[in-house]
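Asker: Sharing a structure, written as structure tokens. Questions coming.
Please treat every number below as a calculation from the coordinates, not as lab data. Not measured: the values here are computed from a predicted model. Please note: Cβ atoms are built from the backbone with ideal geometry, for glycine as well, and neighbour counts cover all protein chains shown.
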Amino acid sequence: MEAMNDIEKTQQAIDILRKSRRIVALSGAGISTEAGIPDFRGPGGMWEDPALFDRLSASGFSRSPTEFYKDSVKLFSKFAKAQPTAAHRLLVRLQQLGKMQAVVTQNIDGLHQAAGSATVYELHGTYRTGRCTKCAAVYEMAEFYSEIESGRLEVPLCSLCGAPIKPDVVLFEELLPVDAWQSSLEAVEKCDLMLVLGSSLVVYPAAQLPVMALSAGASLVIVNLEETDFDRMATVSVREKLGEFAEAALAALQ
Ligand code: NAD
């Protein structure tokens, strides 16, 4: 049998979207690059600087919250200005068609909620809220970030006990939030399609989800610019910019 070309793969993926009734999407940093938020592993991605990786880890935060905030605020301020992309909107369209079960995301940027997705499991947390490292009091973080950016503040401190406040993002060396992970597993068990958008699928345990979906009898569609280790297992893998794929799918699913 002749291999499918890119246009045929896109078409096949859209046909699967049309037929599916219980979709779980798994999104990674690649769904937000077209909103101006860099991914970690692409060229120029943050991974090219090992010292930065260390400063953004849990031990880096404990050692120096000041250094942590100096670096992370640059990324967080990009999140606050970003608008959802066509791919975020595609998932909302699928929701309006009654096909979406859940969005499982590795992103912390809040763009799925901004687009209007109703059920979002944030496996790596969110930058929008934070909590005190001592008494666990919860804070909205936006005001702190703008004060850090303008040089008026170095580290947000708890108004109740004075300890540093840490954003609710899952740092390297930390465990995933149990509730979000459990809910993701339950959704995957019931899905008939796992739609992976913009993830290199190298971060575990999120990268286990496509295999679990296949074992549960679901189809697997992967849309990513680069090849992933899971492409050969996929029902179809589309190597295309998500914006182009999503615009084509949105037009077909009017
Ligand atoms: P990743 O950086 O490992 O992979 C992103 C993938 O998306 C790459 O394979 C890349 O080829 C692809 N990609 C980039 N732009 C694309 C586009 N326009 N169309 C199609 N594909 C595109 O990201 P990951 O697998 O999500 O894991 C990295 C970790 O970094 C995550 O855990 C996440 O928490 C964190 N992160 C989050 C954000 C965010 O919230 N937006 C940004 C950077 C990193």
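Asker: Apply 1/(1 + (r/R0)^6) to the Cβ-Cβ distance of Asp49 and Gln96, taking R0 = 30 Å, and write down the FRET efficiency to the nearest 0.05.
Answerer: Approximately 0.15, to the nearest 0.05.
Asker: What is the distance in Å between the Cα centroid of the range 212-244 and that of the range 103-138?
Answerer: 25 Å
Asker: While we're looking at this one, here's another question. Arrange Cys158, Cys135, Cys191 by Cβ neighbour counts within 10 Å, fewest through most, would you? If you can, show how the numbers build up before the last one.
Answerer: Values: Cys158 18, Cys135 11, Cys191 25.
Final ranking by Cβ density, sparse to dense: Cys135, Cys158, Cys191.
Asker: Using DSSP, restrict attention to beta bridges with both residues in the chain and report what percent are antiparallel, rounded to the nearest 5.
Answerer: On the way: 8 of 30 bridges.
Of those bridges, close to 25 percent are antiparallel.
Asker: A further question follows. Can you give me the angle between helix 86-96 and the longest principal axis of the chain, using Cα atoms only, in degrees from 0 to 90, rounded to the nearest 10?
Answerer: Orientation of helix 86-96: about 70 degrees from the principal axis.
Asker: Now for a different question. For a quick check: with amide H placed at 1.01 Å from N, whose amide H comes under 5 Å from Ala82's, ignoring anything fewer than 5 positions away on the same chain?
Answerer: It is none; the list stays empty.
Asker: How large is the direction-averaged shadow of the alpha-carbon convex hull of the range 116-254, in nm²?
Answerer: Values: hull surface 45.0 nm².
Computed as one quarter of the Cα hull surface, the answer is 11.3 nm².
Asker: Most exposed first by the Cβ proxy, i.e. fewest other Cβ within 10 Å, how do Arg63, Arg128 rank? Could the numbers behind the result be given before it?
Answerer: On the way: Arg63 13, Arg128 21.
By the 10 Å Cβ count, ascending, the order reads Arg63, Arg128.
Asker: Going by amide H atoms built from the backbone, whose H comes under 5 Å of the H on Val196, apart from near neighbours?
Answerer: Excluding prolines and chain starts, which carry no amide H, the hits are Leu26, Val221, Ile222, Val223.
Asker: I would also like to ask the following. Using the Karplus curve 6.51 cos²θ - 1.76 cosθ + 1.60 with θ = phi - 60°, what ³J(HN,Hα) values do you get for each residue of the range 170-177, in whole Hz, with x for Gly and Pro?
Answerer: Working through the residues one at a time gives 7, 7, 4, 5, 9, 8, 6, x Hz.
Asker: Based only on the alpha carbon positions, what is the Kirkwood hydrodynamic radius of the range 47-185, in angstrom?
Answerer: Working: mean 1/r = 0.0618 Å⁻¹.
Hydrodynamic radius (Kirkwood, Cα only) of the range 47-185 equals 16.2 Å.
Asker: Another question, if that's okay. Could you compute how fast the chain diffuses translationally, taking Rh as the Kirkwood radius over C-alpha pairs and applying Stokes-Einstein at 4 °C with viscosity 1.567 mPa s? Give it in µm² per second.
Answerer: On the way: Rh = 19.0 Å.
It comes out at roughly 68 µm²/s.
Asker: How high is the relative contact order of the range 154-221, in percent, with contacts defined as C-alpha pairs under 8 Å that are six or more residues apart? Numbers along the way, then the final one.
Answerer: Working: 49 pairs, mean separation 18.3, N = 68.
Once normalised by length, the contact order is 27 percent.
Asker: Now for a separate question. So for the chain, averaging the separation of alpha carbon pairs under 8 Å that are six or more residues apart and normalising by length, what relative contact order in percent results? Kindly include the intermediate steps, with their values, before the conclusion.
Answerer: Values: 442 pairs, mean separation 61.2, N = 254.
Once normalised by length, the contact order is 24 percent.
Asker: Can I get the semi-axes of the range 150-216's equivalent ellipsoid? Compute them from the C-alpha gyration tensor as square roots of 5 times the eigenvalues, in angstrom, largest first. Let's see the in-between values first.
Answerer: Numbers: eigenvalues 255, 40, 20 Å².
So the three semi-axes of the range 150-216 are 36, 14, 10 Å.
Asker: Taking H as built 1.01 Å from N, whose amide H comes closer than 5 Å to the amide H of Gly125, not counting residues under 5 places away?
Answerer: Here Val170 satisfy the definition.
Asker: For the chain, how many pairs of lysine residues have a Cα-Cα distance under 22 Å, where the two are 8 or more positions apart or belong to different chains?
Answerer: For the chain, the number of qualifying lysine pairs is 16.
Asker: If the label point is 7 Å along Cα→Cβ of Glu149, which residues in the range 60-96 have backbone nitrogen under 18 Å from it?
Answerer: 68-84
Asker: Still on this structure, I have one more. Note down the relative contact order for the range 140-254 as a percent, whole number, built from C-alpha pairs under 8 angstrom at least six residues apart.
Answerer: Numbers: 113 pairs, mean separation 18.7, N = 115.
16 percent.
Asker: Okay, moving on. Per residue of the range 222-234, in order, report the coupling 6.51 cos²θ - 1.76 cosθ + 1.60 (Karplus, θ = phi - 60°) as ³J(HN,Hα) in whole Hz, putting x for Gly and Pro.
Answerer: Along the range 222-234, the couplings run 10, 10, 7, 5, 9, 5, 10, 5, 9, 4, 5, 8, 6 Hz.
Asker: Output ³J(HN,Hα) for the range 67-82: one whole-Hz value per residue in order, computed from phi by the Karplus curve 6.51 cos²θ - 1.76 cosθ + 1.60 with θ = phi - 60°, and x for Gly and Pro.
Answerer: So the Karplus estimates, Gly and Pro as x, are 5, 4, 5, 4, 7, 6, 4, 4, 6, 4, 5, 5, 4, 4, 8, 6 Hz.
Asker: How do Phe40, Phe76 rank when sorted from fewest to most other Cβ atoms within 10 Å of their own Cβ? Kindly include the intermediate steps, with their values, before the conclusion.
Answerer: Numbers: Phe40 15, Phe76 23.
Fewest to most other Cβ atoms nearby, the residues stand as Phe40, Phe76.
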